[in-house]
Amino acid sequence: MLSLTFIVVFVLCFAIAIICILIGHELVNTYKSAFCRSYFYYLIAFFVFSLYAVWGQIGMQALLVAIHTTNDVEILVTHFIPVLGMPFFGIAMIMFLKMVFDLVEAPLKSSALSFHLIIFLIIATVLGGLYLGNKETLLLGKTISFYFILLIWGIEFLYLLFFTGIIVRHQNKVPPEKRKKVLQFTLLLVTGLLLRGVSLAFYEAVSWMLAPLILLYFISHLMALWYIRQQSDRLFAPIGAEQPNTDKKEHLYQKYRITPREQEVIEQLCLGKTNQQIADTLFISLQTVKDHTHRIYNKVGINSRMKLLQMVND
């Protein structure tokens, strides 16, 4: 029963990771925002690290138990796997750092990114040395695993503290109508980090608690991401057609039997308007705009605003 529980939780965790990455990809394909790109890359790197460090360790432990390896080998291999995922964690934190500068539209020097990358390489090297350095280290694998978890959460905490500091320092650069939403997004990031802290704090709890705690760790990213998705029209400018070609648009309309109202929606999309702006211009509801856009995508066989605009660009 326990094995089945972990299989179900693994599927759910993998599904959450895919959903988050797809939402990030949707934002990249809809808005011309450097923040959306950085957020997308952050999500990819973080979930690759999480899947590798959490489920790679669980899977390897189950395999080693099945083939009846010694306890020392099991400790060495299973507790070393998360260390191998450190490069992905480092990339995630660097993208997280870039996110905040993109969000407040402040410059970030490439030398600063290189410095952070070097720091993470040093951390990964030191951790590898602790695991492989001597016999005593191997026998204390579980203790080291605790400090590794503490290190991961501590790094996240420091980066989030820095993130919040940059938001507060540069809040005057953020337009007043966006300022509250940026602060709410930051608060949701803090909430997500606290949830991950709770899940990591009880990682050695009884087995029936481990599965829901792992699920909580993966779910913790959904709140901030979903909020950004809901507020994206108010925070970012949508992608518009740079050089729309009239002949290409007419060909598109005829080939895919685009209705007159759908044509009006496409014209507004080419102007780079948000869904709400399109609704206001055409005197229709926001949901009607979304329905028209969805039907257009289905008819043409695409799934993003960017691909539609690429079809009508000169």
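The values are calculated or read from the model by the stated rules, or taken from the named source; none is laboratory data. If you're wondering where the values come from, they're calculated on a predicted model, not measured in any experiment. Using ideal geometry, Cβ is built from the backbone for each residue, glycine included, and neighbour counts are taken over all protein chains shown.
Miscellaneous remarks
- Residue satisfying all of: in region 272-289; within 29 Å of the chain's Cα centre (by Cα) and exposed (fewer than 14 other Cβ atoms within 10 Å of the Cβ); nearest to Phe236 (Cα to Cα) among these: Gln276
- Leading residue by the ranking (surrounded by the fewest Cβ atoms within 10 Å (Cβ to Cβ)) among those in region 214-249 that are among the charged types (D, E, K, R) and at pLDDT below 90: Asp247
- Test: residue in region 83-90 that is in contact with a Ser or Thr (Cβ under 9 Å, 6 or more places away or on another chain), in contact (Cβ under 8 Å) with a residue 12 or more places away in the chain and either small (Gly, Ala, Ser) or under 24 Å from Val168 (Cα atoms) (or both): yes
- Residue check for Gly192: within 16 Å of Phe157 (Cα to Cα), in a helix (DSSP H, G or I), touching a residue at least 40 places away in the same chain (Cβ under 8 Å) and among the small types (Gly, Ala, Ser): no
- Qualifying residue in region 215-231 (condition: outside any helix (DSSP H, G or I) and within 22 Å of the chain's Cα centre (by Cα)): yes
- A Cβ distance below 7 Å, combined with a sequence gap of six or more or placement on separate chains, defines the contacts here; from region 229-243, residues that are in contact (Cβ under 8 Å) with a residue 60 or more places away in the chain reach residues that are crowded, with 18+ Cβ neighbours inside 10 Å and not in a helix (DSSP H, G or I) in the pairs Ser232/Tyr31; Phe236/Tyr31; Phe236/Ser33; Ala237/Tyr31; Pro238/Tyr31; Pro238/Lys273; Pro238/Thr274; Ile239/Tyr31.
- Filter pass, Lys273 being modelled with pLDDT under 90 and assigned to a loop (DSSP other than H, G, I, E, B): yes
- Every test in (1) assigned to a loop (DSSP other than H, G, I, E, B); (2) without any contact (Cβ under 8 Å) to a residue 40 or more places away in the chain is passed by Ile278 save one, and that test is (1).
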